[in-house]
Amino acid sequence: MELQDIIRPENKVYAAPELLDQVHMHYCPGCSHGVIHKLVAEVIAELGITERAVGVSPVGCAVFAYNYIDCDWIEAAHGRAPAVATAASRLWPENVVFTYQGDGDMSAIGTAETIHAANRGENIVMIFVNNAIYGMTGGQMAPTTLLGQKTATSPYGRRVDLNGYPLEITNLLKELDGTCYVTRQSVHTPANVRKTKAALKKAFQNAMEKKGTSVVEVVSTCNSGWKMSPEKANEWMAQHMFEKYPLGDLKLS
Amino acid sequence: MAKIKGAVTVNKERCKGCNLCVVACPTDTLSLQPLEVNDRGYHFAYMSNPDACIGCCSCALVCPDACIEVYRVKLD
Ligand SMILES: Cc1ncc(C[n+]2csc(CCOP(=O)(O)OP(=O)(O)O)c2C)c(N)n1
Ligand code: SF4
Ligand code: SF4
Ligand code: SF4
Ligand SMILES: [Mg+2]
């Protein structure tokens, strides 16, 4: 069979999500953010909420998410996405509101907003892209940086006496009565991509059904900040990150 | 038994040559162009071994830049 007989519209089984704008994304080659964007775009379209979905983009590499996924967006100040999402969700309850935040945004400067929005049980989805580093600003240590991990501000590796322990913020959020669904996923293999999509779908459904706050952590790579090839970064993540941040559901209710 | 035959297209200008699709492909269908680059200077992915493709979508799922479309037919 010739290629042109296979590559026909009726045989198409996978295409780029329609909600993903066909503009060039600024992310580094191989960055996890791109994969997660695709999944968010697919889930919003499949749930039929394109006109009701409101994203709140962070400060961090994903600051321009509003240029890539074609729904409504608000850009929040650094760490304040959960507070902005609270307003967007309360003032217009028809909205299905989600935040998209990095680990610096969500678990450093925005810790208070994160914890209080989840504790109030706001009907929002919090998508937490944990790449254990401040990607955007050049690879500084984040609260989530692993012990021993080298970053621009921990050039000899993170030390517990100097820098404290890595913060598992998702484990804290699980304990709060306001959260209805807390899960930790990754997007480094086809199977994990599928699982993350299912998790996002569940989280958005919870927001539609006003069940409370859903948190979807995606343990991710920042190959530029980690100074590895995309492929090596995925391997390093599987070897080191999953030990501290094990994948799976932390809370289902 | 029905045999599956697949094929992919790569949006070569969108591709950043990250190699993740090449790693994810279970049949070694894909490679990065060894010499040729796109307008942004990336060695883009292509089917170097098109006969091997089974249309499993692994490459497309892991592609961060949504470059890949997958096609599949059943042969009787
Ligand atoms: C109020 C304020 N403080 C600090 C910064 C600098 N800054 C920009 S992005 C960032 C951290 C980004 O890290 P993360 O949230 O993990 O996102 P990533 O880029 O890794 O996806 C910091 C500290 C800022 N823009 N605004
Ligand atoms: S710096 Fe890191 S997080 Fe930011 S786009 Fe590059 S790889 Fe992704
Ligand atoms: S569809 Fe599957 S077999 Fe074909 S190139 Fe992609 S990963 Fe390889
Ligand atoms: S995964 Fe996507 S961006 Fe990376 S090399 Fe393959 S087609 Fe190009
Ligand atoms: Mg980060």
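Throughout, read-outs are computed from the coordinates displayed, never taken from laboratory work. In this text, all values refer to a predicted model and were calculated from it rather than measured experimentally. No Cβ is skipped: glycine too gets one built from the backbone with ideal geometry, and neighbour counts run over all protein chains shown.
When only alpha carbons are used to place a centre, region B:1-72 and region A:165-215 end up 30 Å from one another.
Legend: calculated FRET efficiency, A:ASP72 to A:ALA152, from the Cβ-Cβ distance at R0 = 35 Å, rounded to 0.05, equals 0.50. Listed values for region A:196-207 are Karplus-derived 3J(HN,Hα) couplings in whole Hz (6.51 cos²θ - 1.76 cosθ + 1.60, θ = phi - 60°), namely 5, 4, 4, 5, 5, 4, 4, 5, 5, 5, 4, 5, and x replaces Gly and Pro. For the peptide A:25-32, the mean number of other protein chain Cβ atoms found within 10 angstrom of a residue's Cβ is 5. Counting Cβ atoms of other protein chains within 10 Å of each Cβ in A:4-14 and taking the mean gives 6. Around the amide H of A:SER154, modelled in the peptide plane, lie the amide H atoms of A:MET141, all under 5 Å away and 5 or more residues distant in sequence or on another chain.
Computed over the protein assembly as shown, the Cα gyration tensor eigenvalues convert (square root of 5λ each) into semi-axes of 34, 24, 17 Å, ordered from largest to smallest. Quickly estimate the mean residue ellipticity at 222 nm for chain A, helices only: each DSSP H run with n ≥ 4 gives -39500 (n - 2.57), and the total goes over all residues, rounded to 500. My calculation for chain A gives -9000 deg cm²/dmol from helical runs alone.
A dipole drawn for region A:25-252 from +1 and -1 charges on Cβ atoms has a positive end, and of A:SER220, A:VAL97, A:ILE69 the residue lying farthest that way is A:SER220. Charged side chains reduced to their Cβ positions (Lys and Arg at +1, Asp and Glu at -1) give region B:3-75 a dipole of some 280 debye around its Cα centre.
Packing, as the average of other Cβ atoms within 10 Å across residues, places the peptides A:219-226, B:20-27, A:149-156 in the order A:219-226, B:20-27, A:149-156, highest first. Cβ crowding within 10 Å ranks A:VAL84, A:VAL13, A:VAL56 as A:VAL13, A:VAL84, A:VAL56, fewest other Cβ atoms first. The residues neighbouring A:LEU39, those whose beta-carbon lies less than 14 Å from its own, together hold a net charge of +1 under the Lys/Arg +1, Asp/Glu -1 convention.
Under the rule of at least 5 residues apart or a separate chain, name every residue whose amide H is placed under 5 Å from the amide H of A:VAL13. Placed amide hydrogens put B:VAL70, B:TYR71, B:ARG72 under 5 Å from A:VAL13. Summing +1 for each Lys or Arg and -1 for each Asp or Glu among the other residues whose beta-carbon sits under 12 angstrom from that of A:HIS78 gives -2. Taking θ as phi - 60° and the Karplus parameters 6.51, -1.76 and 1.60, the scalar couplings of region A:162-168 work out to 8, 10, x, 8, x, 8, 9 Hz in sequence order, x denoting glycine and proline.
Summary of packing: across the peptides A:157-164, A:107-114, the per-residue average of other C-beta atoms within 10 Å ranks them, highest first, as A:107-114, A:157-164.
Near B:ARG72: Cβ cut-off under 10 Å, other residues only, Lys/Arg at +1 and Asp/Glu at -1. The net charge is +3. Along the axis of the charge dipole computed for the protein assembly as shown (Cβ charges of +1 for Lys and Arg, -1 for Asp and Glu, origin at the Cα centre), the listed residues A:GLY79, A:HIS240, B:VAL8 are led at the positive end by A:HIS240. Considering helices alone, the calculated mean residue ellipticity of chain B at 222 nm is -2500 deg cm²/dmol, with DSSP H runs of length four and up weighted by -39500 (n - 2.57) and normalised per residue.
What average count of beta carbons from other chains do you get within 10 Å of the Cβ of residues in B:43-52?
Mean partner shielding for this stretch: 1.
Placing +1 on each Lys and Arg Cβ and -1 on each Asp and Glu Cβ, with no other charges, gives region A:1-135 a dipole about its Cα centre of roughly 400 debye. Database remark: amide H of A:ILE74 closer than 5 angstrom to the amide H of A:GLY55, A:VAL56, A:SER57 (H placed geometrically; neighbours at sequence offset of 5 or more, or on other chains; Pro and chain starts carry no H). Projecting the Cα atoms of A:GLY148, B:VAL70, A:VAL59 onto the charge dipole of the protein assembly as shown, computed from C-beta unit charges around the Cα centre, puts A:GLY148 farthest toward the positive end.
Pairs A:LYS12/A:LYS201; A:LYS38/A:LYS150; A:LYS202/B:LYS3; A:LYS38/A:LYS211: which are spaced more than 32 Å apart, C-alpha to C-alpha?
Long pairs (Cα-Cα over 32 Å): A:LYS202/B:LYS3.
Placing unit charges on the Cβ atoms only, positive for Lys and Arg and negative for Asp and Glu, gives region A:25-252 a dipole magnitude near 360 debye about its Cα centre.
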